[in-house]
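A.B. asks: Sharing a structure with you now.
What follows is calculated from the coordinates using simple rules that are stated; it is not laboratory data. This structure is a prediction, so every number in the text was calculated from the model and none was measured. Here Cβ is always computed from backbone atoms with ideal geometry, including for glycine, and neighbour counts include all displayed protein chains.
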Amino acid sequence: MSDLRQDDCFELGKILKTHALYGELSIFLDVDYPEDYQTLQEVWVEIEGKLQKFEVEGIRLLPNKPQTALLKLKNIDSIEQAQEIIGYKLFLPLSFLPELGEKQFYFHEIIGFWVVDKNLGDLAEVKDVYTTTQTALIVILYKGKEILIPINDEVILQVDRKEKKLHVALPEGLLDVYLQD
């Protein structure tokens, strides 16, 4: 077992199915650049709500499916052992994430940041980030209404990690759409 907490991690992906007979797993990598994870030495698997650390024996990206890889974990040596962890999520410590530039951010890190519009000033705190749409959306509560702000280069001006502020240029009329009855 590991004393690593899920709050200290990011979700790398999910175990999809077994591959062959000797414990290899087919996994989905829920990351922008799967190739950055080809040299993993260890990974954490969420089992019954707790993170369990596994050593990685090997990981191979599938050329025709860039988000899919074959993963071999140490001490998972049979199809039966592999079947026991199908559907489980894979995690890595936040320290594995590369540093980002001034307009870039990881969704988890901006929760609690204050949104500041270039014209309207202080708006509200980031409550969540929705990623189920084609465009990711920042969620704030403004004047009692849930406001969804698109995440794109025209809207996000700067991420101030020190002050925990997200500087934006809201599209004209965006707030009006949400505030009218």
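A.B. asks: Report D for region 1-49 in µm² per second (integer): Stokes-Einstein, Kirkwood Rh on Cα pairs, 37 °C, 0.692 mPa s.
C.D. replies: 261 µm²/s
A.B. asks: Could you order the peptides 4-12, 17-25 from most to least packed, using the average number of other C-beta atoms within 10 Å per residue? Could the numbers behind the result be given before it?
C.D. replies: Working: 4-12: 15.1, 17-25: 17.0.
Descending mean neighbour count gives 17-25, 4-12.
A.B. asks: Relative contact order for the chain: what percent, with Cα pairs under 8 Å and sequence separation of 6 or more?
C.D. replies: Relative CO of the chain lands at 18 percent.
A.B. asks: Same structure again: Calculate the length of the line joining the C-alpha centroid of region 1-27 to that of region 36-113, in whole Å.
C.D. replies: 5 Å
A.B. asks: If each of Gln81 and Phe107 carries a label point 7 Å out from its Cα toward its Cβ, how far apart are those two points in nm?
C.D. replies: So the two model labels end up 3.3 nm from each other.
A.B. asks: Using a basic spin-label model with each label point 7 Å from the Cα along Cα→Cβ, how many nm lie between Glu172 and Leu97?
C.D. replies: Label-label distance for Glu172 and Leu97, simple model: 3.5 nm.
A.B. asks: In debye to the nearest 20, how big a dipole does region 1-46 give about its Cα centre with +1 on each Lys and Arg Cβ and -1 on each Asp and Glu Cβ?
C.D. replies: The dipole magnitude comes to about 300 debye.
A.B. asks: Of the listed pairs Lys143/Lys164; Lys72/Lys103; Lys103/Lys145; Lys50/Lys143; Lys65/Lys145; Lys74/Lys164, which have alpha-carbon separations greater than 31 Å here? Numbers along the way, then the final one.
C.D. replies: Numbers: Lys143/Lys164 21 Å; Lys72/Lys103 36 Å; Lys103/Lys145 26 Å; Lys50/Lys143 38 Å; Lys65/Lys145 40 Å; Lys74/Lys164 40 Å.
With Cα atoms farther than 31 Å apart: Lys72/Lys103; Lys50/Lys143; Lys65/Lys145; Lys74/Lys164.
A.B. asks: Sticking with this one: Considering only Leu70, Asn152, Tyr130, whose Cα is most displaced toward the positive end of the charge dipole of the chain, charges sitting on Cβ of Lys, Arg (+1) and Asp, Glu (-1)?
C.D. replies: Of Leu70, Asn152, Tyr130, it is Leu70.
A.B. asks: About its Cα centre, how strong a charge dipole does region 107-179 have in debye, to the nearest 20, once Lys and Arg get +1 and Asp and Glu get -1 at the Cβ?
C.D. replies: 200 debye
A.B. asks: Let me ask another. Please figure out what share of the DSSP beta bridges in the chain is antiparallel and state it in percent, rounded to the nearest 5. All intermediate terms of the calculation are to be shown ahead of the outcome.
C.D. replies: Details: 47 of 51 bridges.
In the chain, approximately 90 percent of DSSP beta bridges are antiparallel ones.
A.B. asks: Further question: Tell me, what is the FRET efficiency for Glu42 and Lys143 to the nearest 0.05, using R0 = 45 angstrom and their Cβ-Cβ distance as r?
C.D. replies: That gives a FRET efficiency of 0.45.
A.B. asks: Within the set of other residues whose C-beta is less than 14 Å from the C-beta of Ile76, count the net charge using Lys and Arg as +1 and Asp and Glu as -1.
C.D. replies: -3
A.B. asks: Okay, next question. Apply the a/c threshold of 1.5 to the C-alpha gyration tensor of region 6-96 and tell me whether it is rounded, prolate or oblate.
C.D. replies: Note, shape of region 6-96 comes out oblate.
A.B. asks: Using the crude model of +1 on Lys and Arg Cβ and -1 on Asp and Glu Cβ, and no other charge, please compute the dipole size for region 6-96 relative to its Cα centre, in debye to 20.
C.D. replies: Result for region 6-96 is approximately 260 debye, rounded to the nearest 20.
A.B. asks: Kindly list the residues of region 117-155 that lie in the label zone of Phe28, defined by a backbone N under 13 Å from the point 7 Å along the Cα-to-C-beta vector.
C.D. replies: Counting backbone N atoms under 13 Å from the label point, the list is 132.
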